[in-house]
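Reading through the structure tokens given below for one structure.
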Amino acid sequence: MFLYRPCLFAETLYLSKMTHMNSVNEREIIIIGGGSAGLALGALLKNDGRDVLVLEAHKYPGGSSSYFHRGPFTFDAGATTFSGLADLRPIDLLIKKLCLTNQFTKIDPGIVFHLNNRFLLRPSNHQEWIKNFESFFNLHSTAEFWNKEKILHDKAWSIIQNFPYFPSFKFNFLSSYLNRKTLFASTLFPTLFESLEDALPLQLKNRSDVKSFLNELLFITAQNTSEHTPHLLAAMGLFYPEDTHYCYGGMNCFMHSLAEKTNIEYKQKVQSISKVQNKFLIKTTDKEFIAQKIISTIPIWNTKKLLSSELAPLISHNIDQLKEECWSAFSLYFAVPAKDRESLYYQIHFSPEEKSLHQIASFFVSFSAKDDEARAPRGFQTVTISIHMKPKKFKSKNEPDYQDQKLKYSKIILDKFLSVFDYRYEHIQHLTSGSPSTFARYTLREDGLVGGIPHDLKRFPFDLISPYTRDENFFLLGDTVFPGQGLAATIHGAQQLHKHLTLK
Ligand SMILES: Cc1cc2nc3c(=O)[nH]c(=O)nc-3n(C[C@H](O)[C@H](O)[C@H](O)COP(=O)(O)OP(=O)(O)OC[C@H]3O[C@@H](n4cnc5c(N)ncnc54)[C@H](O)[C@@H]3O)c2cc1C
């Protein structure tokens, strides 16, 4: 008690001194990070008239869903594809709530796969997809499997939307699990404890080509293989291409639309977070802020490094282990002469021989729309290619072989791209590449670990990272927090936390 008093006195003095200084901003809610999660939550809170401020380290918004300009072209730097725009899904709800006026178009087929030198189209029509799948892999009677997965996919969405506190099982949230949906959810209980692989019918399980196809598809959303991805979450990944959309103007337009709906200060890289009395003191490179509530949307390992010793126990997860499992990316950006093709989104699979030679299984190709002149002049399209890459596999920027390694991967991917899409080297304009070091530099995510924590049965459902911490005013958000990676997930996370903050 004796020791505590002078400390409390000093804190009170500090707070009152600071709030009288012009450089200190006091806000009800401060959000760290102006990526998709931070912007969505910031916009929702401002829409309610709450006193909210987003602090973003860069001079533009977006984070892993950002953009850059080269010549007359605007490239999506990370995320390219929107999902979750179907009726009552997260992005649809966000657009309606905030009256966003971005122009979206549904892409159907949502993704085209290229494997075994053939294209496999994934249309949104369920029956048509089953027909394509069976004819491509020369299989019969897979409808029962796909129908079951479809039902599970719909129920999985319903669960994550109806249980706003999942995956937190804190005592004061337990009553929220008991609503009229609980009985319905209980029928899904077995799927919580099995992987997709456990649920595959034998005819699919025994086919290495089918399994390899499913694994690459799951990597887009779950970042894990069928053996490790919890069945419930895998079902959501399998149907991702049914709800694929393109935003005119790209991420640039969408992220700026969100940023305009909130209060945001750019070039405010948060350096430390501590607690003074019952408020948070946030220090950036050149300013100090006080907040009653704080939401960190940067990866949990980045957040942990900012916390004072008093706050550090709020993140108690085994961060080193989690980081080991995460991915970074290697990416290529360039422009090509425009062409008509089936889709804007392609996943190109390497053959087993190529895979063992290059140590790359697949890459994702996104074209800008042919008529999107905000991205490319008429007659051209921009291309963003991304590949999952372990940061340890890639040299860091200061190592001597860094440029050689970038060139090596660029060539492997470009050669495959040219052969699949029938272009020549002379067609490629403004070629640029991004390595894990590039992602670390632009997203500020430690080791360039982008895209969240892979969904894994060993963590599901009791060891997932929840937004709620032991401090009722300190929250975590973004793609390292459940439901994980991708805009639909980070925006859904923001919407659930928004509901909680609205009740408070
Ligand atoms: C190559 C690639 C392709 C992808 N493709 C898709 C796709 O097609 N569709 C899809 O839905 N998802 C895709 N994703 C995933 C998606 O981009 C991310 O899951 C999502 O954007 C994460 O948003 P976030 O808000 O959680 O984090 P981030 O986007 O990382 O945002 C965090 C923000 O915090 C800022 N920041 C960091 N540290 C500080 C600090 N100390 N102080 C202040 N600000 C700070 C950063 O600058 C950043 O703006 C892709 C990701 C990558 C990398």
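Quick one: which residue in 471, 456, 479 is out of contact with any Pro (no Cβ under 7 Å at 6 or more places or on another chain) and farther than 23 Å from residue 388 by Cα?
Selected residue: 471, the only one of 471, 456, 479 that is out of contact with any Pro (no Cβ under 7 Å at 6 or more places or on another chain) and farther than 23 Å from residue 388 by Cα.
In the range 62-94, which residues are of a type in the set (S, T, N, Q) and more than 14 Å from the ligand (Cβ to nearest atom)?
Hit for the range 62-94 is 74, nothing else.
Could you list, in sequence order, the residues of the range 459-481 that are crowded, with 24+ Cβ neighbours inside 10 Å and either within 16 Å of residue 89 (Cα to Cα) or among the aliphatic types (A, V, I, L, M) (or both)?
476, 477, 481, listed by residue number.
Can you tell me which residues in the range 151-181 are at pLDDT 90 or above and surrounded by 18 or more Cβ atoms within 10 Å (Cβ to Cβ)?
152, 153
Is there a residue being part of a loop (DSSP other than H, G, I, E, B), at negative phi and either in contact with a Gly (Cβ under 9 Å, 6 or more places away or on another chain) or exposed (fewer than 13 other Cβ atoms within 10 Å of the Cβ) (or both) anywhere in the range 387-397?
Looking for residues that are part of a loop (DSSP other than H, G, I, E, B), at negative phi and either in contact with a Gly (Cβ under 9 Å, 6 or more places away or on another chain) or exposed (fewer than 13 other Cβ atoms within 10 Å of the Cβ) (or both), one finds at least one in the range 387-397, hence yes.
Return yes or no: is residue 365 within 21 Å of residue 449 (Cα to Cα) and assigned to a strand (DSSP E or B)?
Yes: the conditions hold for residue 365.
Here is a check on your reading of the model: is residue 119 modelled with pLDDT of 95 or more, part of a helix (DSSP H, G or I) and either buried (at least 18 other Cβ atoms within 10 Å of the Cβ) or hydrophobic (A, V, I, L, M, F, W, C) (or both)?
It is false that residue 119 is modelled with pLDDT of 95 or more, part of a helix (DSSP H, G or I) and either buried (at least 18 other Cβ atoms within 10 Å of the Cβ) or hydrophobic (A, V, I, L, M, F, W, C) (or both).
Which residues, counting only those in the range 332-362, are of a type outside the set (Gly, Ala, Ser) and assigned to a strand (DSSP E or B)?
Correct list: 332, 333, 334, 336, 337, 345, 346, 347, 348, 349.
Can residue 335 be described as modelled with pLDDT of 95 or more and more than 13 Å from the ligand (Cβ to nearest atom)?
yes
Determine the pairs where a residue that is near the ligand (Cβ under 10 Å from one of its atoms), located within the range 382-395, has a partner that is of a type in the set (Lys, Arg) and modelled with pLDDT of 95 or more with Cβ atoms under 6 Å apart, the partner being 6 or more residues away or on another chain.
Pairs found: none.
Test of understanding: among 285, 303, which residue is within 14 Å of the ligand (Cβ to nearest atom), of a type in the set (Val, Ile, Thr) and under 26 Å from residue 325 (Cα atoms)? Give the derivation first.
Working: 285 fails: under 26 Å from residue 325 (Cα atoms).
Unique residue meeting the criteria: 303.
Please specify each residue of the range 348-379 satisfying the condition of being surrounded by fewer than 16 Cβ atoms within 10 Å (Cβ to Cβ) and either within 16 Å of the ligand (Cβ to nearest atom) or closer than 26 Å to residue 247 by Cβ (or both).
Of the residues in the range 348-379, the ones surrounded by fewer than 16 Cβ atoms within 10 Å (Cβ to Cβ) are 351-359, 371, 373-374, 377-379.
Once the filter is applied, which keeps residues that are surrounded by fewer than 16 Cβ atoms within 10 Å (Cβ to Cβ) and either within 16 Å of the ligand (Cβ to nearest atom) or closer than 26 Å to residue 247 by Cβ (or both), the range 348-379 yields 371, 373, 374, 377, 378, 379.
Go through the residues of the range 96-108 one by one and say whether even a single one is assigned to a helix (DSSP H, G or I) and either closer than 15 Å to residue 217 by Cα or polar (S, T, N, Q) (or both).
So far as the range 96-108 goes, no, none of its residues is assigned to a helix (DSSP H, G or I) and either closer than 15 Å to residue 217 by Cα or polar (S, T, N, Q) (or both).
In the range 438-449, which residues are under 19 Å from residue 322 (Cα atoms) and either more than 10 Å from the ligand (Cβ to nearest atom) or surrounded by fewer than 24 Cβ atoms within 10 Å (Cβ to Cβ) (or both)?
Selection gives 440, 444, 446, 447.
The values are calculated or read from the model by the stated rules, or taken from the named source; none is laboratory data. Keep in mind that what you see is a predicted model, and the values were worked out from it rather than measured. Positions of Cβ are backbone-derived with ideal geometry, glycine not excepted, and every protein chain shown enters the neighbour counts.
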